Amino acid sequence: MSLSSSNRKILLCVGLPVWVFLGFMLGQALVLVLIEVLQNLGVPLSQINPSLFQLIAGGVIYALSLLIVIGVPCLVKKSRTTKAELGIQRSPNWMDFLWVPAGAIVYLILTALVTALAMSFLTFVNYDQAQDTGFTNITTQSEYILAFIMLVVIAPIAEELLFRGYLLGKLRKHAPLWVAIFITSLLFAIVHFAWNVGLDVFALSIVLCVLRVVSKSLWPSIMLHMLKNGIAYYFLFINPSVLSTLGG
């Protein structure tokens, strides 16, 4: 018995985010298994610089997640994902750079509103909880560079391809745009596994989704995501005293 058009759309709206979530989790699980196997084989992983190890592990996780989420449907169901669906059908242009400051302003306003609203109702949330970036005890210049490459370059590109590229690109074909944006942003918040961070990236994702739609490209979203992570990197690693001063 074939599904009706409406039932198929509902199934896809549920199945697509679940698939992206499972692919992301499976990518992490496979890396953990690989690390366990290598350790059992006597490979001296502990001798690798922790920042370099984090960069390699994180990069492999993102690569595997993208291969699983995008590649498996293509192999199993011949469901090919086009460059247009991912938003990378063209090279960046000068207009893409103009979208970034506008998006940044909207993001700052929206995240302030979302956080203020959440603080009024979600009183159990620890809004001062620090985000675990995976990079700790950084002391050398090379370690700072490795953290920058992971957090400001690799992570934004991979996450944009996965969420605002693949997920939003697929969802908007089967659901109203606002539903596709909401589902994409909700999942993006969930995979950060922290309430306070989730609220912030939920607001960020809404802006990134809108940029993806209005620009008809993923490049402005990637650029804004890099800018946001770059600013966070500065305050977390280069000048953390600013945050402690602002915090009282």
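Here are the numbers for the structure shown:
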item	result
Count - residues of the stretch 74-102 that are more than 20 Å from L227 (Cα to Cα), assigned to a helix (DSSP H, G or I), in contact (Cβ under 8 Å) with a residue 40 or more places away in the chain and of a type outside the set (A, V, I, L, M, F, W, C)	1
Residue in the stretch 211-229 that is surrounded by fewer than 21 Cβ atoms within 10 Å (Cβ to Cβ), over 23 Å from V69 (Cα atoms) and in contact with a Gly (Cβ under 7 Å, 6 or more places away or on another chain) present	no
Any chance S241 is among the hydroxyl-bearing types (S, T, Y) and at pLDDT 90 or above	no
Considering residues of the stretch 93-134 that are hydroxyl-bearing (S, T, Y) and within 20 Å of S205 (Cα to Cα) only, the residue surrounded by the fewest Cβ atoms within 10 Å (Cβ to Cβ)	Y127
Looking only at the stretch 88-135, and only at residues there that are under 29 Å from V69 (Cα atoms) and in contact with an Asp or Glu (Cβ under 8 Å, 6 or more places away or on another chain), the one that is modelled with the highest pLDDT	T111
Pick from the stretch 137-160, criterion in contact with a Leu (Cβ under 6 Å, 6 or more places away or on another chain) and crowded, with 23+ Cβ neighbours inside 10 Å, ranking: nearest to W219 (Cα to Cα)	E160
Count of residues meeting criterion [surrounded by fewer than 16 Cβ atoms within 10 Å (Cβ to Cβ), in a helix (DSSP H, G or I) and either touching a residue at least 60 places away in the same chain (Cβ under 8 Å) or within 22 Å of the chain's Cα centre (by Cα) (or both)] in the stretch 46-55	2
Pairs, first free of Cβ contacts under 8 Å to residues at least 12 places away in the same chain in the stretch 126-142, second among the hydroxyl-bearing types (S, T, Y) and part of a loop (DSSP other than H, G, I, E, B), C-beta under 7 Å, six or more apart	none
Odd one out for F193, checked against (1) in contact with a Cys (Cβ under 8 Å, 6 or more places away or on another chain); (2) part of a loop (DSSP other than H, G, I, E, B); (3) of a type outside the set (D, E)	(1)
Pair list, Cβ under 8 Å, 6 or more apart: the stretch 226-245 residue farther than 18 Å from M150 by Cα and among the hydrophobic types (A, V, I, L, M, F, W, C), other residue assigned to a helix (DSSP H, G or I) and modelled with pLDDT of 80 or more	V242/F235; L243/F235; L243/L236
Number of the exception - I105 against (1) closer than 21 Å to L177 by Cβ; (2) free of Cβ contacts under 8 Å to residues at least 24 places away in the same chain	(1)
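The values are calculated or read from the model by the stated rules, or taken from the named source; none is laboratory data. The structure displayed is predicted, hence computed values, not measured ones. Reconstructed Cβ throughout: ideal geometry from the backbone, glycine too, with neighbour counts over all protein chains shown.
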